[in-house]
Structure formats: C-alpha cells, structure tokens
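One structure is given below, encoded as structure tokens.
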Amino acid sequence: MITLTLAEVAELTGGALTGSPEATVPGKVTLDSRTVTGGDLFVAVPGERVDGTEFLAAAAAAGAVGAITTRPDDALPCVVVADPVEALGRLASGVHARLVDRGLLTLAITGSSGKTSTKDLLGQVLATAGPTVSPPGSYNNDIGLPLTVLSADEQTRFLVLEMGARGRGHIARLCRVARPRVGVVLNVGSAHLGEFGSSERIAEAKGELVEALAEDGTAVLNADDPRVIGMAPRTVARVLATGRGEDADVRALDVTLDETARARFTLAAAGEQHPVTLQVVGEHQVANALSAAGAAMAAGMTPGQVASALSAAGPRSRWRMEVSRRDDGVTVVNDAYNANPESMRAALAALAGLSGTRRIAVLGGMAELGPDAAAEHERLGRDAAAAGIDLVVAVGADAVGIADGAAAAGRRTGEESVHVPDRAAARELLAEALRPGDVVLVKASRSYGLELLAADLLTAGVLPAGDAA
Ligand SMILES: Nc1ncnc2c1ncn2[C@@H]1O[C@H](COP(=O)(O)OP(=O)(O)OP(=O)(O)O)[C@@H](O)[C@H]1O
Ligand SMILES: [Mg+2]
C-alpha cells in the first residue's frame with residue numbers, strides 16, 4: 001500500500017482514531033492476524049466463524065501498527081468504525097483516487113466464467129509494459145477487491161481487478177471502490193442463476209461494469225455472446241468488440257488446438273495479424289485471450305506486443321485446468337476450482353481434445369443453479385457422452401443426474417457411467433480403473449471439495465483403497 005498515517009486512514013474511512021495520528025502504515029492491509037508482519041494495518045472483520053476483534057492483541061504482537069475495528073483494544077491504535085468491510089472499501093477508494101491522480105490505469109473484468117483466467121492472462125500481458133498488480137486467485141468481492149486495490153502503490157502502472165456479482169448492485173458497488181477506465185465483460189452464463197433468477201438479470205448485473213465507465217474509458221465486450229455485446233448501449237465509453245466473427249474489432253482467426261488442447265490462432269486487430277500460441281489449456285481460453293488482448297490494447301499496447309505476451313502467459317491460479325502427468329502415465333486435469341454448466345462444457349471440450357487412450361470425467365455437483373438444477377445435471381451427462389468421454393464418474397448425491405444423463409445417452413451404467421456416493425468411493429473406483437495413458441478430468445463446484453480428490457490422484461500412482469475421504 002502507499003504509506004498512510006493512521007490519521008489519514010481515519011479520515012478516509014470516516015472512523016474515530018484511538019492513539020497516535022502520526023503513526024504510519026508502511027506495510028500491507030490484512031484481515032488475517034496470522035499473516036500480520038511489522039508495519040501492517042489489521043482489519044478486524046466479524047466473520048461467520050471467527051470474530052476478528054478477538055485477534056487485535058495477536059495482530060499487535062505480530063507487529064501491526066494499527067487496526068480498523070468495531071471495538072478498540074488497548075493493544076494497538078485503532079480506527080473505530082461501524083462496518084469494517086465498508087471501511088475497507090472506503091480506504092481502498094481513497095487510495096485508488098490518489099493512485100489514479102498519479103497515472104494508474106485500472107482495468108476490471110466481469111462475466112459468469114473465466115474472470116480469474118482472463119485476469120491472469122491480462123496481468124501477464126500488461127506486466128510486459130509496466131509494473132502491474134494482478135494477484136493470483138479470485139479476489140472479486142467486497143473484501144478481495146479492496147485488498148487488491150490496496151496492494152498497489154506509487155510504482156504501479158496497471159491494476160487488474162476481478163469483479164464478481166451474486167446480485168444486482170454488487171458490481172456497481174465495486175466500481176465505486178475503484179472506478180475502472182477499461183471494463184471487460186466476458187460472458188453471461190448460468191453461474192449463480194439460482195440467486196439471480198434469470199440470465200437477463202445476470203446480464204443486467206454484469207452490465208453495471210460498463211455503466212460505470214466514463215467517456216474516456218473503453219468497454220471490451222465479447223461480440224460472440226449476444227447478451228454481452230448487447231450491453232454496448234449501456235455505456236458512454238468507446239466499445240471494443242472481441243470475438244471470432246467478422247464484426248469484432250479484435251479477432252481470432254484460424255483457431256486450432258494441439259494434442260495438449262492448447263490453442264493457436266492469428267490475432268487480428270487494428271489492421272495487423274500476429275500468431276498466438278497459448279500456454280493455457282482449453283479452447284475457451286481463446287475467448288479469454290481475446291478479451292485480455294482488447295483490454296491490453298485499450299491500455300496502449302500494440303497487437304504485436306499483445307500477441308507475443310499472450311503466447312508467453314502461463315497458468316497463474318490453482319485448480320483451473322491444471323494438467324499433471326503421473327509417473328505411471330496417467331494424466332490428471334484438476335479443474336476443481338468451481339463449476340457451472342458452461343465451465344463444465346468448456347472443460348469437457350478440453351478433455352476431449354487432450355490426447356490419451358481413454359478420457360475420464362470425474363464430475364461432482366454444480367451448486368446454486370436454482371430450480372433447473374436436476375435437469376442441468378442430466379443435460380451435462382448427455383453432453384459428456386456426446387463429447388466422447390469414455391467414462392463418466394459422478395460423485396455425490398447432487399451429481400447423480402450426470403450419471404443418469406450419460407446413461408440415457410448410451411453410456412453403459414456401471415461401466416461407462418458410474419455414480420459413487422463420495423470422494424472416498426471415487427478414489428477406490430479410480431484406483432482400480434485407471435490405466436497408463438488415461439486422461440482424467442476432475443471438476444465440481446467448489447463446495448464439493450473435489451480438488452482434494454485430484455490431489456489424491458496425483459500423489460498416488462497406485463491408490464490405497466478404502467481409506468476415509
Ligand atoms: N471463457 C470461458 N467460458 C467457459 N468456461 C470458462 C471460460 N474461462 C474459464 N472457464 C472455465 O471456468 C472455470 C473457472 O474459471 P475462472 O476461475 O477463470 O472463472 P471465474 O469467473 O473467475 O470464477 P469465479 O466466479 O469462481 O471467480 C475454469 O476452470 C474453466 O473450466
Ligand atoms: Mg474468479
């Protein structure tokens with residue numbers, strides 16, 4: 001963070017300071033007392049399981065120079081506020097305004113799927129042009145986004161933000177913390193459909209990002225998704241369309257996939273053409289790469305610079321199409337960070353494109369789909385069969401429809417389409433079933449914890465059968 005005095009922290013957050021106003025915060029801002037090191041500012045947030053205010057003394061002992069809290073503690077100077085998360089947003093907003101005055105360019109990304117993947121590509125591309133803040137992971141909410149903003153400093157030239165939404169007004173609120181100059185919308189799918197109620201409402205919420213842009217800004221919109229390019233009238237900013245079609249400003253031509261499911265294409269933009277070879281896995285990354293390219297061009301990079309930086313960009317965040325090969329020749333694809341119908345299909349398409357003897361999809365449930373959940377799981381099972389997956393293993397009660405769908409599409413129950421009750425049963429089955437040359441995709445919504453299964457598959461060439469999940 002830029003160095004602030006506690007008096008400035010109090011002023012920006014509207015809090016009341018106990019202790020010395022001159023004390024400065026040379027370190028970072030953190031919500032976890034275990035990560036505090038000397039000079040940090042600790043934000044005590046009341047969580048579902050733990051109350052941050054119980055850790056004020058621990059934060060002080062670890063070297064925190066102050067805290068934002070609802071309840072002051074003698075252990076360290078405190079900025080007392082009613083709502084620490086809101087205060088964190090205000091602090092970030094104040095710091096962001098100062099950094100923008102010094103020339104910081106902020107780019108924000110939203111969409112139903114691929115925000116983190118695109119942020120990671122864009123962060124790596126921009127880093128070739130100047131100091132960039134774009135932390136790995138998915139810091140896209142009222143806590144993560146301000147923390148990302150606060151990790152920028154006077155040296156930062158580009159700030160890449162991920163913006164998530166579970167309802168209307170969420171993205172507008174994040175844009176009030178850090179108003180972007182470049183806003184990227186990737187797609188409108190069915191993530192959190194249960195909470196939103198309909199795709200139209202999801203589009204309405206995602207479009208708040210382009211509504212927040214000013215006239216000197218750029219909206220980078222995916223022209224291959226009608227709901228996204230349909231947001232163009234909602235912004236006063238310049239629109240840069242990305243996509244495969246002729247109407248896009250930034251296009252991918254001649255897309256091919258190699259035997260590791262990595263895409264090659266020609267980036268066509270601003271009257272130029274440049275070859276791109278992606279290092280990240282799956283055809284869905286072409287759309288993400290085009291969105292990143294549009295944003296980087298809006299930030300002043302040339303198509304040639306963008307193409308070579310995209311070709312060098314690797315995976316940055318865990319559990320997204322992480323491809324690893326075991327000593328015995330089994331390939332494990334860990335895509336267990338999250339799942340919704342679109343990202344499941346993207347991952348299945350990537351699996352189908354990977355070379356191997358058999359393709360095996362180990363799939364858990366997709367959460368938060370609302371009333372259509374059962375039908376969506378069944379449809380996915382059918383699609384897995386249609387994509388040519390040799391064995392579908394559905395894990396857990398919520399995933400039973402996937403096995404049913406695969407069976408309905410002709411996969412033999414118990415042989416090519418199997419339902420198991422839990423992770424332990426999946427491990428046992430796979431210990432028996434896996435052969436050298438097999439490629440295994442592991443994917444589910446995050447709450448099902450299948451990344452643990454993927455990790456188990458990797459650590460065990462031959463798995464111990466039957467131990468607890
Ligand atoms: N453009 C895309 N279209 C469809 N699926 C995608 C796309 N990009 C990534 N995915 C899939 O979605 C999964 C999650 O990707 P990523 O973490 O980038 O999304 P996110 O939007 O950041 O998710 P979250 O809402 O959880 O933050 C990936 O593992 C991949 O399976
Ligand atoms: Mg994310």
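Relative to its Kirkwood radius, the Cα radius of gyration of the range 117-229 gives an Rg/Rh of 0.96. Rounded, prolate or oblate: which one fits the range 386-441, using the alpha carbon gyration tensor with axes a ≥ b ≥ c (rounded when a/c is under 1.5, else prolate when a/b beats b/c, else oblate)? Oblate, because a/c is 1.5 or more while a/b does not exceed b/c. Label separation (residue 279 vs residue 255): 2.2 nm, computed from points 7 Å beyond Cα along the C-beta direction.
For the chain, the relative contact order works out to 10 percent when only alpha carbon pairs closer than 8 Å and six or more residues apart are counted.
Put a dot 7 Å past the Cα of residue 264, heading toward its Cβ, do the same for residue 86, and the two dots end up 5.6 nm apart.
The residue among 14, 445, 250 whose Cα reaches farthest toward the positive pole of the charge dipole of the chain, with charges on the beta-carbon of Lys, Arg, Asp and Glu, is 250. Does the range 307-378 come out rounded, prolate or oblate by the C-alpha gyration tensor, with a ≥ b ≥ c the root eigenvalues, rounded set by a/c under 1.5 and, if not, prolate when a/b is larger than b/c and oblate if not? Judged from the Cα gyration tensor, the range 307-378 comes out oblate (a/c at least 1.5, b/c at or above a/b). Subtracting the Cα-Cα distance of residue 324 and residue 374 from their residue separation scaled by 0.36 nm leaves 14.8 nm. Between residue 105 and 158, 159, the built amide H atoms are under 5 Å apart, and every one of these is 5 or more places off in sequence or on another chain.
Roughly what percent of Cα-Cα pairs across the range 355-469 reach past 20 Å?
Cα-Cα pairs in the range 355-469 separated by more than 20 Å: 35 percent.
Between amide H atoms placed 1.01 Å from N, distances below 5 Å from residue 192 occur with no residue 5 or more places distant or on a separate chain.
Kindly identify the range 34-168 as rounded, prolate or oblate by the Cα gyration tensor criterion: order the square roots of the eigenvalues as a ≥ b ≥ c, call it rounded if a/c is under 1.5, otherwise compare a/b with b/c, prolate if a/b is larger, else oblate. It comes out prolate by the Cα gyration axes. Note on the range 19-111: Cα-only Rg and Dmax are 14.2, 44 Å.
Among 372, 73, 327, 40, rank each residue by its count of other Cβ atoms within 10 Å, from fewest to most, as a rough exposure measure. Going from sparsest to densest Cβ surroundings: 327, 372, 73, 40.
Close amide-amide hydrogen proximity is noted between residue 279 and 313, each under 5 Å apart and 5 or more residues distant or on a separate chain (H modeled in the peptide plane; Pro and chain starts excluded). One equal scatterer on each Cα of the range 88-173, no solvent, Debye formula: the resulting log10 I(q)/I(0) at q = 0.18, 0.22 Å⁻¹ is -0.73, -1.06.
How much length is gained if the chain between residue 28 and residue 168 is pulled fully straight, taking 0.36 nm per residue apart and subtracting their Cα-Cα distance, in nm to one decimal?
Once the chain is fully extended between residue 28 and residue 168, it gains 47.3 nm.
Think of the chain as a dipole: +1 on every Lys or Arg Cβ, -1 on every Asp or Glu Cβ, centred on the Cα centre; then among 305, 47, 68, 305 lies furthest on the positive end.
For the chain, the longest principal axis of the alpha carbon atoms and the long axis of helix 284-298 meet at an angle near 30°.
Spin-label model, residue 211 to residue 102: label points 7 Å out along the Cα-to-beta-carbon direction sit 3.3 nm apart. Counted over the range 171-329, the DSSP beta bridges are approximately 55% antiparallel. Shape summary: the chain maps onto an equivalent ellipsoid whose semi-axes, from the alpha-carbon gyration tensor, are 39, 29, 20 Å in decreasing order.
Throughout, read-outs are computed from the coordinates displayed, never taken from laboratory work. For clarity, every value in this text was computed on a predicted model and none was experimentally measured. Neighbour counts run over all protein chains shown; Cβ positions are idealised from the backbone, glycine included.
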